[in-house]
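To keep things clear, I will list the structure first and then write my remarks on it.
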Amino acid sequence: MLPAQLKPADFAAYPPQARAFATEHIAILQQMPLALLPSLLNEVSGYDWKLPAERAQIDRQIQWLGAMSSSQLADRTKEFAALRLNADLEAVDWVNVPSSFLEQLTAWLWSTHQMDAFHAAADNYTTQLAVAAPTPPPATPRLAIVIVGNGVDQTSFRPFSKLRQHGIYFTKVKPDDGVGQILAHASARAQKSSENSAFAHWYVDGGTAAPATRLTQVSYDALAPARSALLGRTQQTISSGTSGPEALRSLLAQMKPQDVGLASGPDSEVLNRFQLSLLTQGSGTQIFSTTFVQWAGRECLRRAQPSTLVLRYAPRQEQQPMNAMLSGAPIEGGGPKADPEGSLVDADMGAYYTWLNLQRLPGSDQSRFLAWFEGHNQAIAIGPDLPRGTVSDSSMKLAGLLQLLA
């Protein structure tokens, strides 16, 4: 089937909001080249469980396309239309399984030496979209807080070396109840926020989440049953000897929250889909808590584009033979040993990556960033009004430091 042959009935298997969206805009979809349309349908088909920021991005794209005349739309997408496709691709069910089509399209483009042309077309398309329908800056400047070093008593490691040139390095922060002060600040920020989204303020913990209110919470420990179920399914697929990497990738892509024991329902579907994606799309997120937090922070900033983000790292397990790491055994109670020192190194780099990802979002020139060595007196604060590359020996509580970033 070609895009021009699309009918409303073709979207019957989509969830309700996605089906309504596709049907409402079918006239636009019918005019798009086959090399481009499945990429958009891959997003539209999951519209019901997209985060608000992701839905807004889809809305802006379809509004941009809908504002064009037929000739303008053809001109904007002519580079995709110029790509040579074979009949086998047309036979793929690209409406209901767009991800499968995209995998086969990738293989075809590589085999016919058209991948460079596809990349050029995609870059041109996304650039035009970003100019014509940009993501608006947040109503409130973004604040990202990263807590590292849980469980480390003494160390010779110098934290935040990559971040110090961008802000003020504090050497006498009072650590008492630091986590509580940070979460209280994030919760108060969420309460005062003018944004109505339930996903504008997040707290991700690499261990057991501390008490917090008004924050969307994700924690490594809370997902232990889901991680165990996923690892079990993965091991079973690998040990069967009848499936290769492609089958495993397809298994992960087709999983639903209920397949790994996550609750299903209108109030939890969006968050659980997000949590499942962290475990199925991230490399090592099922095994290492530090990797989980780093990837969760990246995906949260990219997909949710929150006003407030708190990331708290916890000790990950030591390196073990692969079978031991895939067992899913908890660190406590006879499982693998924790590695606080190695986890600090991981978390320190994760803090730097979080700051980099923060800079990629709209309004980055007004964003605020704080990283703190948990239980210790070292922190780094970065903000538009703070001097760069400086050191402060002033004694200060974390609550006072956070006020500098208000």
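The values are calculated or read from the model by the stated rules, or taken from the named source; none is laboratory data. Only a predicted model underlies this, so the values are computations on that prediction, with no experimental measurement involved. Positions of Cβ are backbone-derived with ideal geometry, glycine not excepted, and every protein chain shown enters the neighbour counts.
A few comments on the model shown:
- Within region 136-157, considering residues that are among the hydroxyl-bearing types (Ser, Thr, Tyr) and touching a residue at least 24 places away in the same chain (Cβ under 8 Å), the one nearest to residue 175 (Cα to Cα): 155
- All of (1) touching a Lys or Arg at 6+ places or on another chain (Cβ under 8 Å); (2) aliphatic (A, V, I, L, M); (3) surrounded by 14 or more Cβ atoms within 10 Å (Cβ to Cβ); (4) more than 29 Å from residue 201 (Cα to Cα) hold for residue 53 with one exception: (4).
- Residue within region 35-45 that is under 20 Å from residue 301 (Cα atoms) and touching a helix residue (DSSP H, G or I) at 6+ places or on another chain (Cβ under 8 Å) present: yes
- Per-region count, region 269-301, residues out of contact with any Ser or Thr (no Cβ under 9 Å at 6 or more places or on another chain) and outside any helix (DSSP H, G or I): 1
- Hits in region 66-88 - residues which are of a type in the set (Gly, Ala, Ser), closer than 27 Å to residue 9 by Cα and assigned to a loop (DSSP other than H, G, I, E, B): 67, 69
- Out of 155, 135, sole residue that is at pLDDT below 95, more than 24 Å from the chain's Cα centre (by Cα) and not in a helix (DSSP H, G or I): 155
- Listed by position, the strands (runs of 3 or more DSSP E) contained in region 358-406 that have at least 3 residues being surrounded by fewer than 21 Cβ atoms within 10 Å (Cβ to Cβ) and assigned by TED's automatic domain parsing to the domain that holds residue 162 are 390-392.
- One residue stands out among those in region 144-169 that are basic (Lys, Arg) and under 21 Å from residue 394 (Cβ atoms): the one that is surrounded by the fewest Cβ atoms within 10 Å (Cβ to Cβ), which is 158.
- The listed residue being within 31 Å of the chain's Cα centre (by Cα), modelled with pLDDT under 95 and not small (Gly, Ala, Ser), out of 89, 73, 2: 89
- Taken over region 29-48, the criterion of being surrounded by 20 or more Cβ atoms within 10 Å (Cβ to Cβ) and in a helix (DSSP H, G or I) is satisfied by 29, 37, 38, 41, 44, 47.
- The single condition from (1) under 17 Å from residue 26 (Cβ atoms); (2) modelled with pLDDT of 95 or more that residue 98 fails is (2).
- Among the residues here, residue 306 does not qualify as surrounded by fewer than 16 Cβ atoms within 10 Å (Cβ to Cβ) and either of a type outside the set (A, V, I, L, M, F, W, C) or more than 17 Å from residue 339 (Cβ to Cβ) (or both).
- For residue 266, the stated conditions do not hold, so it cannot be described as touching a Cys at 6+ places or on another chain (Cβ under 8 Å) and in a loop (DSSP other than H, G, I, E, B).
- Members of region 89-120 that are buried (at least 16 other Cβ atoms within 10 Å of the Cβ), among the aromatic types (Phe, Trp, Tyr) and not in a loop (DSSP other than H, G, I, E, B): 101, 108, 118
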